[in-house]
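One structure is given here, and the rest of the page talks about it.
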């Protein structure tokens, strides 16, 4: 197997997906497959042996199907296993000088030390401050005696790295790690949204990630274990609906419906039974759990060490609400913030539920085409408005 290719591994709270792309033809996908598994909750995988087996089976099938050996796999680290911090770095030139790319690289290239609990997996400059005191996105060409940089760092818990390093050894393939929320921010969320600051929310099956994005950095990152599966569980607990049927009902939810004549949701069970459930009652119960998720978003954002700008909107991704008319309006009402649902532009992964996968694919494409490393590079932006967070 001498034909080396690269791949990404997307770890969702209900499925794991492996996609292989060619180093030479990065627009094409040689392999794409997903497998269901038990998932994770509260920062712990529910069945580690199953997880290991699922990842190895995907890699083995990829090798057998494509007759290729993945040279490197970019593993997306879910928000529940990550955290983000910001810190200021500074260089003193002593005398006035014009800032060069090397000056910037020297300033941002050295990541903070990892510790016994966390490992740094990504770093990005958020803004720079020269002698003028004005925040700049790109400081090239500015004459200054000092240059400060606000850096954003994403950490991964060492238990995740250790587990996947073990899988890497078992599968005999190199893994590198990337925050899936950062990948979404960089390559799925529209630039115009993150340039002014946005609360990015990826709501999935049983986990929701919340990040405050500014430019190319994450200034805050938090997750909580709640999603589409909890909406189904609410129907099971309150109405006695079997979970399988409840999950199918969640896939049909439409909060814009206002039935007056006892209209029903219809689902067919795996045994072929046709079931019907009152729309009004179902919507009332499900809306309550959507409100809980919205309150969870507020609580997550409240843990950030800064106050969100009053006009910061929510960019909503993930599978939980991608086909749920009226859910966006519920979240807007509870959070008091404008919500915009966004989707990737990569076919066939152009749905909100594929946002983290698409982000990883684009991140790897960037690496393939520009040969950039994890640290020591600056993403250059033109004509950006440098607006700092309100403290």
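The values are calculated or read from the model by the stated rules, or taken from the named source; none is laboratory data. Keep in mind it's a predicted model, so treat the numbers as computed, not measured. Glycine also receives a Cβ, built like all others from the backbone with ideal geometry; neighbour counts cover every protein chain displayed.
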With respect to the numbered conditions (1) touching a helix residue (DSSP H, G or I) at 6+ places or on another chain (Cβ under 9 Å); (2) surrounded by fewer than 20 Cβ atoms within 10 Å (Cβ to Cβ); (3) not assigned by TED's automatic domain parsing to the domain that holds residue 70, which one is the sole condition not fulfilled by residue 111?
(1)
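For the stretch 26-50, how many residues are closer than 26 Å to residue 158 by Cβ, in contact (Cβ under 8 Å) with a residue 24 or more places away in the chain and under 20 Å from the mean Cα position of the chain (by Cα)? Explain how you work it out, then say what you get.
Step one: filter the stretch 26-50 for residues closer than 26 Å to residue 158 by Cβ, giving 35, 37-50.
Subsequent filtering for residues that are in contact (Cβ under 8 Å) with a residue 24 or more places away in the chain retains 39-43, 45, 48.
Applying the additional criterion that residues be under 20 Å from the mean Cα position of the chain (by Cα) yields 39-43, 45.
Residues meeting the conditions: 6.
Give 153, 205 a once-over and let me know the one that is part of a strand (DSSP E or B) and either assigned by TED's automatic domain parsing to the domain that holds residue 312 or under 25 Å from residue 304 (Cβ atoms) (or both).
Residue meeting the stated conditions: 153.
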